[in-house]
Amino acid sequence: MASSTGTTKFELFFLILWLLLSITLIALLVLRKLTVPALIKNDRNISIAFAVCQLLIFVLALAALGENTWSRYTVSSGFGFGSYTVHFGLVDARTDGIHWSYDCGDNFGTSSKTACRTVKAAGIFTLLFGILAMFASAALCVVVALALLGKDLLARFHPFVSIVSLIQLVAVQAMMFIWGVSGQGPLHSELSHDVKVGASWALIFVVTVLAIPTAIFHQNGPGIPVVGEPATTVTVPPMDAKQQQNMQVV
């Protein structure tokens, strides 16, 4: 039991530390205090690498929602009959092809009913942020792909790339924290310390890690196109007569 309690404290410390770092990072991104050097931003290979990274974010987030295993609990059947694993999803739990929803009925005790309702609310909010993350990630995939092809028609959308990438980061961070605290926590305390995080939560953690450098890179647009000219160009205003005269003197 001592080791389980220690593991719980470590998980709580990790989530609090990650939350503080995430708030600091998001604040710096909003204030545009984190920027990518021009030497990196103007490298076509790096732009391609971050485009692939954005595609991975979309695929992994979609896989996390499709797998829908955010926590898992292995129950021993006893009497030598082996064991079975309960997979906790966002709207239901399942094992051996049997699904049951989080109805939190009267057959639960007061403590168990509160834990059930907390897990149910955590699943709903995680799903809502998951839908938001998927829309933002899909939009970024399209914009980044077209930008790499040098499509000038995207010039008007470039100022919104940083905003959408920030929305993506906030959404996946929220998914990770909501289930990690409000979903995993009650299951951990109500059932057993042996409740483990599922594959979906692990995938979202990886997505969050990938979304951080992607959001920083996209602060000034999606990058340099592989073919053609950049979709956004800097227009230099014409010099007046006085400036032309100064240039001649120099």
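What follows is calculated from the coordinates using simple rules that are stated; it is not laboratory data. Fair warning: this is a prediction, and the values are worked out from it, not measured in the lab. Cβ atoms come from the backbone with ideal geometry, glycine included; neighbour counts cover every protein chain shown.
One decimal place: the segment Ser83-Ser101 gains 4.3 nm when fully extended, by the rule 0.36 nm per residue minus the C-alpha distance.
Packing, taken as the mean count of other beta carbons within 10 Å per residue, orders the peptides 63-72, 89-98 from highest to lowest as 63-72, 89-98. Whole-Hz Karplus values for the stretch 86-95 come out as 9, 9, 9, x, 7, 10, 7, 10, 8, 7 Hz, taken residue by residue from phi with 6.51 cos²θ - 1.76 cosθ + 1.60 and θ = phi - 60°; glycine and proline positions read x.
Extension gain, Val142 to Ile16, is 41.9 nm, computed as 0.36 nm per intervening residue step minus the present C-alpha separation. Peptides 112-124, 203-215 ranked from most to least packed, by the mean per-residue count of other Cβ atoms within 10 Å: 203-215, 112-124. Each residue, Ile48 and Val91, gets one label point 7 Å from its Cα in the Cβ direction; the gap between the two is 4.1 nm.
Our coupling estimate for the stretch 56-73, obtained by passing each phi through the Karplus curve with A = 6.51, B = -1.76, C = 1.60 and θ = phi - 60°, is 4, 4, 5, 5, 5, 5, 5, 5, 5, 5, x, 5, 6, 10, 9, 8, 9, 9 Hz, Gly and Pro reported as x.
Each residue of the stretch 130-139 was assigned a 3J(HN,Hα) from its phi angle through the Karplus curve 6.51 cos²θ - 1.76 cosθ + 1.60 (θ = phi - 60°); the sequence is x, 5, 4, 5, 5, 5, 5, 5, 5, 4 Hz, with glycine and proline shown as x.
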